[in-house]
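Structure record follows, encoded as structure tokens.
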Amino acid sequence: MKKNGLGALCLSLAASIWGGMYVVSKYVLDFVPPITLVWLRYIVAFGVLYAVLKGMQWKTKQQERIRKKDWFLLIWIGFIGYFVSISLQFIGTKWSDAHTGALITSATPAFIVLFARFVLQEKLTARKLLSLFLATIGVILVIGWDTRVGSYFWGSISLVGAAISWALLSVYVKVASDRFSTLTITTYAIFFAMIFTTPIMIWEVQVNPVTLNDWLVISGVLYLGIVSTAGAFFLWNKGMELMDAGIGSLFFFFQPVVGSLLGWLLLGEQLNVNFFIGGCFILVGVLVVTIQPEKE
């Protein structure tokens with residue numbers, strides 16, 4: 001239970017941080033094109049994480065050995081999760097809105113449960129399915145069902161792709177955690193994602209203006225790089241290491257709840273009774289699989 005408790009804390013913090021990310025990224029995207037913003041996030045995040053990694057290695061006098069085949073796993077995680085998923089997420093947010101982004105990407109836990117069944121051979125238990133159902137109902141109540149998909153068709157398609165590819169990331173992070181520390185996985189996966197992003201970024205800045213002369217925009221980039229990327233990616237990977245992927249995935253549902261709360265606090269958006277009812281559904285769904293150990 002202690003291990004599950006720490007994993008639950010890490011995943012809750014990561015999802016909560018991402019809940020506020022949509023508000024920040026939506027603002028910054030008015031000044032920085034999407035792929036360029038992803039690249040800036042990774043430059044900042046990699047610098048922070050690499051410094052911490054080397055500091056830890058110097059302190060412990062130990063360095064993990066990465067074999068050739070292991071590099072391919074780290075490259076795959078960087079590509080499918082931090083390059084494909086995050087790029088699609090930013091493009092989808094740019095072409096739709098924060099509300100639609102929060103709702104569609106909340107489908108991620110369902111994909112994680114599915115992939116965990118086939119890649120990790122995790123059991124698809126009745127408790128997991130019940131938890132997923134309750135939490136999904138909660139998200140629909142919190143966010144609502146009016147996503148204006150017709151107006152944001154390509155943005156919505158991009159966000160669905162982001163949800164699927166992030167689910168793959170979460171499952172393969174679980175595979176990599178048997179070989180490396182969470183810090184190593186996160187640091188090098190972000191490095192490879194930065195490499196994949198660079199050619200598109202170079203093309204994008206040739207055709208789209210980049211405005212970084214506003215302190216709010218610079219602060220937003222730093223927040224996205226340090227908090228939403230370096231911090232939250234590490235917490236999510238650590239949480240997925242400590243828990244079954246199918247169970248850990250449910251904590252992703254905290255993202256729309258926190259996003260709605262921040263919209264109420266910072267943007268003056270209204271919260272109705274559905275928010276509180278939906279929040280209870282999400283909480284119950286998470287508790288079903290975390291309070292009692294599975295016996296199926």
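The values are calculated or read from the model by the stated rules, or taken from the named source; none is laboratory data. Here the structure is a predicted model, which means the values were calculated and not measured. Reconstructed Cβ throughout: ideal geometry from the backbone, glycine too, with neighbour counts over all protein chains shown.
Numbers below:
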quantity: Count of segment 32-80 residues which are touching a residue at least 40 places away in the same chain (Cβ under 8 Å) and among the polar types (S, T, N, Q); calculated: 1
quantity: When residues of segment 35-60 are limited to those that are within 25 Å of the chain's Cα centre (by Cα) and β-branched (V, I, T), the one surrounded by the fewest Cβ atoms within 10 Å (Cβ to Cβ); calculated: V52
quantity: Residue among V217, V221, V227, V171 that alone is farther than 21 Å from F46 by Cα, part of a helix (DSSP H, G or I), β-branched (V, I, T) and in contact (Cβ under 8 Å) with a residue 60 or more places away in the chain; calculated: V171
quantity: Residue selected from segment 61-81 under the condition surrounded by 12 or more Cβ atoms within 10 Å (Cβ to Cβ) and assigned to a loop (DSSP other than H, G, I, E, B), by the criterion farthest from the chain's Cα centre (by Cα); calculated: Q63
quantity: Criterion (small (G, A, S), modelled with pLDDT under 85 and touching a helix residue (DSSP H, G or I) at 6+ places or on another chain (Cβ under 7 Å)) met by exactly one of G138, G150, G144; calculated: G138
quantity: Sole residue being of a type outside the set (A, V, I, L, M, F, W, C) and under 22 Å from V171 (Cβ atoms), chosen from G225, G220, G248, G259; calculated: G248
quantity: Test: residue in segment 189-211 that is assigned to a helix (DSSP H, G or I), touching an Asp or Glu at 6+ places or on another chain (Cβ under 6 Å) and in contact (Cβ under 8 Å) with a residue 40 or more places away in the chain; calculated: no
quantity: Residue list for segment 169-194, restricted to those being among the aliphatic types (A, V, I, L, M) and farther than 12 Å from G78 by Cβ; calculated: V171, V175, L183
